[in-house]
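Trainee: Before anything else, here's the structure in question.
Where a number appears in this text, it was derived from the coordinates with a stated rule and is not lab data. All values derive from a computational prediction rather than experimental measurement. When we count neighbours, we look across all protein chains shown, and the Cβ atoms used for this are built from the backbone with ideal geometry, even at glycine.
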Amino acid sequence: METDPYQLIEGMTIAGLAVGANQGYIYLRSEYPVAHKILNKAIERATEAGFLGKNICNSNSDFFLEVRLGAGAYICGEETSLLESLEGKRGMVRAKPPLPAIEGLFGKPTVVNNVLTLGAAASILEQGSETYKDFGMGRSRGTLAVQLAGNVKRGGVIELAFGVTLREVVEDFGGGTYSGRPIRAIQMGGPLGAFLPASQWDTPLDYEAFAAIKAMIGHGGIVVFDDTVDMAAQARFAMEFCAVESCGKCTPCRIGATRGVEVIDRIVNNQDRDNNLILLTDLCDTMELGSLCAMGGMTPFPVRSALTYFAEDFSGESPREN
Ligand code: SF4
């Protein structure tokens, strides 16, 4: 959006023409003022040049585009809360059905896609689907904009074809940890992604391969931790994040996340450990199976993976040495 806004504008125009829509919205978090300014300028220029607005490129088709700012809620990345927010309401998840494609923004059929998907549309039309399919593996085709962050020497965004392994991304592209210490855990897929130990780093970036190890690629966010990380604290943070960002619509997420923080605290403080470990697993089951959306449904991913792969950090012993 900041370096090639026209790619997104073109992709959205193509999507609009494909579904017969004449109004598009770019929902942008207000924390990205540079992208906001650049997108608005690009929309203005594209409109002046006849690529947006009425009768685009003399095609007898209209397509208008507008940037709307969100107020920073993580949950507004979920399509139905995004629609609520676009309508000027508080970002709360809607029950599905109806799907947004049937009843979306202001009750109208709406296509909601992420920037990566829309950004790929123009090049697929230009170069053909076979060229796009040449990148990737299995059912994961094309490229992914991997966001490499955390304790890593060379962080940033790298566009890679699916199929590269997690180890290659972190070691070859990232150059290992910033601290120079050994990598202990990698979190893949954003704050609701699993924490993976070394035994899993040869997994290729492929949606199915990650699902098979109870992890996810998500939006391609990777966070690297060195061997000083306290994984019980990270599991607690996942529950805390969910408690803070929960939209509050359903009980397993709204209350479960708060109870999750308390249970993890009791475990690491050695209060009735065995029963609290059972309770935490039970709570994760309830959140996973009973939450209305992925926020509550996936918070157990980081918690369970921390418990599975880094159980020693929940022992209540003194924190790991730095
Ligand atoms: S899982 Fe959480 S964020 Fe999703 S609808 Fe329920 S309360 Fe809202």
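Trainee: In the chain, if the dipole is taken from +1 on Lys/Arg beta carbons and -1 on Asp/Glu beta carbons about the Cα centre, which of Gly220, Gly316, Ile267 is farthest to the positive end?
Mentor: My answer, from the dipole projection, is Gly220.
Trainee: For a quick size check, give me the Cα extents of region 5-127 along its three principal axes, largest first, whole Å.
Mentor: The principal-axis extents, from largest down, are 40, 32, 27 Å.
Trainee: On C-alpha positions alone, give me the angle between the axis of helix 231-245 and the longest principal axis of the chain, in degrees, nearest 10.
Mentor: The angle comes out at about 40 degrees.
Trainee: Using C-alpha positions alone, give me the convex hull volume of region 51-209 per residue in cubic angstrom.
Mentor: Cα convex hull per residue, to the nearest whole number: 169 Å³.
Trainee: Most mobile of Gly248, Gly189, Gly260 per a Gaussian network model of the chain (Cα springs, under 10 Å)?
Mentor: Of Gly248, Gly189, Gly260, the most mobile in the Gaussian network model is Gly248.
Trainee: Neighbour counts of other C-beta atoms within 10 Å: give me Asp134, Asp274 arranged from fewest to most.
Mentor: Asp274, Asp134
Trainee: Still on this model: Have a look at Glu288, Glu245, Glu208 and tell me which one the Gaussian network model of the chain (Cα, springs below 10 Å) gives the largest fluctuation.
Mentor: Top of the fluctuation ranking is Glu208.
Trainee: Can you give the helix-only mean residue ellipticity at 222 nm for the chain, where every DSSP H stretch with n ≥ 4 adds -39500 (n - 2.57) and the sum goes over all residues, rounded to the nearest 500 deg cm²/dmol?
Mentor: After summing the helix terms and dividing by the residues of the chain, the value is -12000 deg cm²/dmol.
Trainee: Consider a paramagnetic label point 7 Å from the Cα of Thr251 along Cα→Cβ; state which residues of region 276-316 have an amide N under 15 Å from it.
Mentor: Within reach of a label on Thr251, which here means backbone N under 15 Å from a point 7 Å along Cα→Cβ, region 276-316 contributes 283, 286-292.
Trainee: Please give the length that would be gained between Asp134 and Ala49 if that part of the chain were fully extended, namely 0.36 nm times their separation in residues minus their C-alpha to C-alpha distance (nm, one decimal).
Mentor: Value of the extension gain: 27.2 nm.
Trainee: How large is the dipole of region 170-322 about the Cα centre if only Lys and Arg carry +1 and Asp and Glu carry -1, each at its Cβ, rounded to the nearest 20 debye?
Mentor: Taking the Cα centre of region 170-322 as origin, the dipole is about 440 debye.
Trainee: For Leu125 and Glu312, FRET efficiency with R0 = 45 Å and r from the beta-carbon atoms, rounded to 0.05?
Mentor: 0.30
Trainee: Tell me the Kirkwood hydrodynamic radius of the chain in angstroms, computed as one over the mean inverse distance between distinct C-alpha pairs.
Mentor: One over the average 1/r among Cα pairs gives 21.5 Å for the chain.
Trainee: Can you sort Ser61, Ser291 by how many other beta carbons sit within 10 Å, fewest first?
Mentor: Sorted ascending by nearby Cβ count, the order is Ser61, Ser291.
Trainee: Continuing with this model, one more query. Within a 10 angstrom radius of the beta carbon, how do Lys249, Lys133 rank from fewest other beta carbons to most?
Mentor: The fewest-first ordering by Cβ neighbours comes to Lys133, Lys249.
Trainee: Check the chain and count each lysine pair with an alpha-carbon distance under 27 angstrom, considering only pairs eight or more places apart or from different chains.
Mentor: Within the chain, the lysine pair count is 13.
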